[in-house]
Amino acid sequence: MTTVVLFRDDLRVGDHPALHEAVSHGEPVVCLYVLDEESEGVRPLGGAARWWLHHSLTSLAEDLAGLGVPLTLRRGPAGEVVPGVVRETGADRLLWNRRYGGPERAVDAGLKEWAGVNGADAHSYAGSLMFEPWTVSTQNGDPYRVFTPFWRACTSGPPPREPYPAPSAVVPADPAPASDALADWGLLPTRPDWSGGLARTWTVGERAAHERLDEFLDERLPRYAEDRDMPAKPATSGLSPHLRWGEISPHTVWHTALHRAENPGKFLTELGWREFSWYNLYVYPGMATRNINPKFDAFPWPPLDEDALAAWQQGRTGIPLVDAGMHELWETGTMQNRVRMVVASLLSKNLLIDWRLGEQWFWDTLVDADPASNPHNWQWVAGCGTDAAPYFRIFNAETQQKKFDPDFGYVDRWNGRQEGVEPIVDLKESRAHALELFTSL
Ligand SMILES: Cc1cc2nc3c(=O)[nH]c(=O)nc-3n(C[C@H](O)[C@H](O)[C@H](O)COP(=O)(O)OP(=O)(O)OC[C@H]3O[C@@H](n4cnc5c(N)ncnc54)[C@H](O)[C@@H]3O)c2cc1C
């Protein structure tokens, strides 16, 4: 009996429930990654994400080779490619860890149906979220709209399961199915190659994810709650791209933190925000383009000021904290969380540019961009998402800088004070105007 295991946003061998199950049978396994940019509704990856994916697949292929099995790469609509590989290899079992976006769920439902009709055994597992979205709802069955009760409901039930160990060996299928060459996928940027800053900032892959977690727990967790909002301090874990690509599972992060740290509470709550984002994507599959709060559909966005959008993207707004953040993003593929909130608020509220354009820029430039956390956080900041007091919270970029970067440590590291670049917007006046527009809704 041969098993095909699909790898998607779970590019690891440790705590991979589908791989664990496949290996437990002691029979041949085909490890398959399909680059699917063609299935209906699947969002094409941004540039920084493609860079990460290339390196993550390289790392996964090395780890699997060490266990004795190749990683098979194929490209195309998964609904056609996966059945093709199952047929080619004569496999009769198909396993994967679940996904939660609408188009991805549709693809996976199609695969299950195909397997049923064609006599293959298809099973899915919980590998990427600690709390499956359909298991969390209010007493009357409605979805949670606000984070705190959602997280209380999650954490008042049984704890997340313990991680599965990585296999020590995997029996490969013989012959191994043919694989595309990763280099032929063109995931890396050329002409120009803008990825130097990403390469200087990140080490990609499962081993790097574990090293980062260890280093964070040893060195930064004790001061996490106090320092996590201070962008000049290396205070947070930096795990988001590793979690996004599934190089480490949230279960592993959760249990390692609990075993090793005295009080990881605040850090675990941040993992909760990740769960809440995916929960919301499950409930609102159109979240990347549609306001969660339909009242916001009537918001009178003014005609797009393309110069202002370009100034924001390139860090030329003349507002130091914002420009520093946008420079950090361009150079490293990430941005500290508080600064993300400030730049998002400036775009959607002071500049009155539709949040979807900011979300798209982040989608293209963040190495951790995912279809849940990115739109969910953008909607949260823009005021049209899940939040108790949405629109009236308008971050003042100057006040935020004084409070969270009082010595300009972060602003100057990312060249936020640029000579001759004047502010493109008056923070106070634009705030008042935005509030006026909102009250008209
Ligand atoms: C406008 C905007 C867009 C964002 N887009 C993304 C995105 O595309 N992908 C993404 O992973 N995060 C996104 N975030 C959330 C957050 O900024 C990053 O997760 C965080 O900065 C990552 O740094 P860290 O790993 O050091 O976080 P830590 O503080 O160490 O937190 C641990 C983990 O918790 C999760 N987490 C923390 N905060 C959030 C949050 N607000 N929402 C969801 N998960 C969270 C992440 O997986 C993170 O790695 C966005 C925030 C804003 C305001």
- Test for residue 330: is it open to solvent by 10 Å² or more (accessible area, probe 1.4 Å), of a type in the set (A, V, I, L, M, F, W, C), part of a helix (DSSP H, G or I) and in contact (Cβ under 8 Å) with a residue 60 or more places away in the chain: yes
- Item | Within the stretch 141-168, tally of residues that are in a loop (DSSP other than H, G, I, E, B) and not acidic (Asp, Glu) | 16
- When both residues are 6+ apart or on different chains and their Cβ atoms are under 6 Å apart, which pairs have a first residue that lies in the stretch 272-288 and is within 15 Å of residue 240 (Cα to Cα) and assigned by TED's automatic domain parsing to the domain that holds residue 148, and a second that is away from the ligand (no atom under 11 Å from the Cβ) and open to solvent by less than 10 Å² (accessible area, probe 1.4 Å)? 275/129; 276/150; 278/100; 278/129
- Message: Residue under question is residue 9, and the condition is that it be at pLDDT 95 or above, under 19 Å from the mean Cα position of the chain (by Cα) and open to solvent by 40 Å² or more (accessible area, probe 1.4 Å); does it hold?
- Response: yes
- Note on the structure: In the set 353, 394, 292, the lone residue that is more than 13 Å from the ligand (Cβ to nearest atom), open to solvent by less than 10 Å² (accessible area, probe 1.4 Å) and either closer than 28 Å to residue 105 by Cβ or part of a loop (DSSP other than H, G, I, E, B) (or both) is 353
- Task: Among what's in the stretch 374-389 and is open to solvent by 30 Å² or more (accessible area, probe 1.4 Å) and closer than 20 Å to residue 229 by Cα, pick the residue that is farthest from the ligand (Cβ to nearest atom).
- Result: 387
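Residue by residue, here is whether (1) more than 20 Å from the chain's Cα centre (by Cα); (2) more than 9 Å from the ligand (Cβ to nearest atom); (3) outside the structural domain of residue 364 (by TED's automatic domain parsing) holds:
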{"site": "192", "(1), (2), (3)": "yes, yes, yes"}
{"site": "196", "(1), (2), (3)": "yes, yes, yes"}
{"site": "219", "(1), (2), (3)": "yes, yes, yes"}
{"site": "228", "(1), (2), (3)": "no, no, yes"}
{"site": "237", "(1), (2), (3)": "no, no, yes"}
{"site": "247", "(1), (2), (3)": "no, yes, yes"}
{"site": "251", "(1), (2), (3)": "no, yes, yes"}
{"site": "260", "(1), (2), (3)": "yes, yes, yes"}
{"site": "267", "(1), (2), (3)": "no, no, yes"}
- Message: Restricting to the stretch 169-185, count the residues that are in a loop (DSSP other than H, G, I, E, B) and either in contact with a Gly (Cβ under 6 Å, 6 or more places away or on another chain) or surrounded by 10 or more Cβ atoms within 10 Å (Cβ to Cβ) (or both).
- Response: 9
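One line per residue, one yes/no per condition, for (1) without any contact (Cβ under 8 Å) to a residue 60 or more places away in the chain; (2) over 15 Å from residue 320 (Cα atoms); (3) not polar (S, T, N, Q):
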site	(1), (2), (3)
370	no, yes, yes
378	yes, yes, yes
391	yes, yes, yes
426	yes, no, yes
433	no, yes, yes
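The values are calculated or read from the model by the stated rules, or taken from the named source; none is laboratory data. Since the model is a prediction, treat every value here as computed from it, not as a measurement. Here the Cβ is made from the backbone with ideal geometry for all residues, glycine too, and neighbour counts use every protein chain on show. Just the protein is used for accessible areas: all its heavy atoms, side chains included, with ligands, DNA and RNA removed. Shrake-Rupley method; radii C 1.70, N 1.55, O 1.52, S 1.80 Å.
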